[in-house]
Amino acid sequence: MEKQVVVRFAPSPTGYLHIGGARTAIFNWLYARKTGGKFILRLEDTDAERSTENSIEGIIEGLKWLGLLWDEGPNFQSQYIEDHQKAAQKLLETGHAYKCFCTKDDIENKREEAVKKKTTYIYNKSCRDLTCDQVAKKEAEGLPYAIRLKVPDGSGSVTFNDVVYGTIEKKYVDIEDFIIVRSNGKPLYVLSNAVDDIRDKVTHVIRGQDGLANTPKQILLYNALGASLPVFAHMSLTLDPKKAKISKRHHGELVAVHFYRQHGFLPWALVNFLVLLGWATSESREIFSKEELIDAFSLEGISRANSVFNINKDDQKYFTDPKAININAHYLRTMPVEELLPYVKEQLKSEGLWNDEYEANRSEELLDTVELLRNRFHLITDFTTIGRAYFSDDYFIDADSLKKNILKHPELTQWLSNLADKISSINIYNAKTIEQVIMDMAGDIGVKPGVLVSGIRIAVTGHAVGPDFIRSLIRIGQDKVAERLAKNIYYESDL
Ligand code: GLU
């Protein structure tokens, strides 16, 4: 029987879930789903000073929102410190590690010497060959010690085959006898991470490229602990348009998953976009449903070349990669409208525009409004910005469109107020009767119907362009249309 695939997403909870982390989580989750394996969430919270509750909650919430549900966890690395210490103890007992009594000052002096000589500092192994008696004596004196791994001597090297980066070799002589437990008893991250993976029987370590530097050391730990090696797949970097690495420090909220949620992204659209940062199928297809993506995914498709995330801090409309916005628009326009509705509801609620009546008596109407609007929208937030007039009387009128129109046809002021009366007095308010009123009036005053149409549209919806005109008037309703035309924004404006 083939071994069950076990993967894990192991974020350090020191900040919000960012898109780089989400991408790592996505690849792990996909691989687990693809292979029928297990996906573990492990929070690497051993850095007590930098780990926060807020960050833990944010990561968990972000993953749930994205739909990346884990099969085990969340496990907290801090609860396994004893395991890490025991592993170090075992390494001491088996002669793979040794106690190092060098003080911080000793090491600092050596480091400074190396800097002066313009050589790279590598620990000189001075404690590696202490005899048992020497060690016992130092311990009896109460001298603190760190534990270091004995890197094999000789001209050999650690060689491994990374799924993404290929064969990687690091010579033993270039790896110092690294510390695995500090003199205060705290295990080092490099040890904790490997011990947790061994205990959890992780078969595939899929993580960011920054993990690559630690991998040779971890392989030495695996070997010393007699554990079999997992497959390693390190993902390439994601760069900004100026080719700088995407980071929380430089890009702030623009790389936070919650920022995309707040700005109107659908979770699956974001997953679909992020997976394309560094992974592709041979036919360079871009839109994948969940099932399609699980089916198409393979570790071999992860690209070695760095990807570019075209975030744009200075563009209001396209605040992020246009491709991400377009993918979002695709889903927003094509998913079953019933599935879209909860997101619209959440958005309306957040803007104080949700009306319980929608659920009680007007759910059909709401569905129809959403259906009408969504074909023009890119983001969920569009429902309460450009689509606000469909849900509230307190909507924004696009000043530029208004200006253009009123300059062209100053008489619109009068026309629209007359039209308000005519709309009010329609007996049966439907597409036919509305059209008739507008056509008649255009005929009477001798303008093309289009002139009235754009005047009405701006007054009633706030925008010069929008979805199907007559359907919009029906959706907004006879009373409101008449009211808005009578209110006559053209008078009110100070143009
Ligand atoms: N905790 C590490 C990080 O957040 C992940 C290390 C790993 O996946 O092995 O970068």
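In loop segments of segment 294-379 as defined by DSSP, the trypsin sites (Lys or Arg not before Pro) with at most 15 further C-beta atoms inside 10 Å of their C-beta are 304, 313, 317, 362. Summing Cβ point charges (Lys, Arg +1; Asp, Glu -1) relative to the Cα centre of segment 148-273 gives a dipole of roughly 340 debye. Taking the charge dipole of segment 271-396 about its Cα centre, with +1 at Lys and Arg Cβ atoms and -1 at Asp and Glu Cβ atoms, the residue from 392, 306, 294 reaching farthest to the positive side is 306. The packing ranking of peptides 9-18, 59-68, 150-159, highest mean first, is 9-18, 59-68, 150-159, where packing means the average number of other beta carbon atoms within 10 angstrom of each residue. How large is the dipole of the chain about the Cα centre if only Lys and Arg carry +1 and Asp and Glu carry -1, each at its Cβ, rounded to the nearest 20 debye? Using Cβ point charges on Lys, Arg, Asp and Glu, the chain gives about 1660 debye.
If the limit is 28 Å between Cα atoms, which of 86/110; 118/138; 3/86; 64/349; 64/170; 345/432 go over it? Table pairs above 28 Å Cα-Cα are 86/110; 118/138; 64/170; 345/432. Only beta bridges with both residues in the chain are counted; by DSSP, about 50 percent of them are antiparallel. Using the Cβ-Cβ distance between residue 82 and residue 421 with R0 = 60 Å, the FRET efficiency computed as 1/(1 + (r/R0)^6) comes to roughly 0.15. Can you tell me the 0 to 90 degree angle between the C-alpha axis of helix 215-224 and the longest principal axis of the chain, rounded to 10? Approximately 50 degrees, to the nearest ten.
Of the accessible area of segment 207-334, computed with a 1.4 Å probe over protein heavy atoms only, carbon and sulfur atoms account for 50 percent. Highest mean packing comes first when the peptides 75-81, 269-275 are listed by Cβ atoms within 10 Å, giving 269-275, 75-81. Dividing the helix sum by the residues of the chain, where each DSSP H run of 4 or more adds -39500 (n - 2.57), gives a mean residue ellipticity at 222 nm of -14000 deg cm²/dmol.
Per residue, the accessible area of the chain comes to 50 Å², computed with a 1.4 Å probe over protein heavy atoms only.
Heavy-atom surface analysis with a 1.4 Å probe gives segment 112-154 a carbon and sulfur content of 53 percent of its accessible area. Shown for the chain: cysteine residues without a partner Cβ closer than 4.7 Å, namely 102, 132. Restricting segment 71-126 to trypsin sites (Lys or Arg not before Pro) that sit in a DSSP loop and have at most 14 other Cβ atoms within 10 Å of their own Cβ leaves 117, 118.
Backbone geometry of segment 287-297 corresponds, through the Karplus equation with coefficients 6.51, -1.76 and 1.60 at θ = phi - 60°, to 3J(HN,Hα) couplings of 9, 9, 6, 4, 5, 5, 5, 4, 5, 7, 5 Hz, x marking Gly and Pro.
Rolling a 1.4 Å probe over the protein chains gives residue 453 an accessible area of about 40 Å².
Close amide H contacts of residue 308 (hydrogens built in the peptide plane, cut-off under 5 Å, sequence separation of 5 or more or a different chain): 239. Annotation: amide H-H contacts under 5 Å for residue 8 (H modelled 1.01 Å from N, sequence separation of 5 or more, or interchain): 40, 206. Surface composition of segment 375-437: carbon and sulfur atoms hold 50% of the protein heavy-atom accessible area at a 1.4 Å probe.
Across segment 257-267, rounded Karplus estimates of 3J(HN,Hα) from the backbone phi angles (6.51 cos²θ - 1.76 cosθ + 1.60, θ = phi - 60°) give 4, 5, 5, 6, 5, 5, 9, x, 8, 8, x Hz, Gly and Pro being marked x. Near residue 75, the amide H atoms lying under 5 Å from its own belong to 41, 42, 43; only residues 5 or more places off or on other chains count, and H is placed 1.01 Å from N.
The values are calculated or read from the model by the stated rules, or taken from the named source; none is laboratory data. Given the structure is predicted, the values throughout are model-derived calculations rather than measurements. All Cβ positions, glycine included, derive from the backbone under ideal geometry; neighbour counts span all protein chains shown. Just the protein is used for accessible areas: all its heavy atoms, side chains included, with ligands, DNA and RNA removed. Shrake-Rupley method; radii C 1.70, N 1.55, O 1.52, S 1.80 Å.
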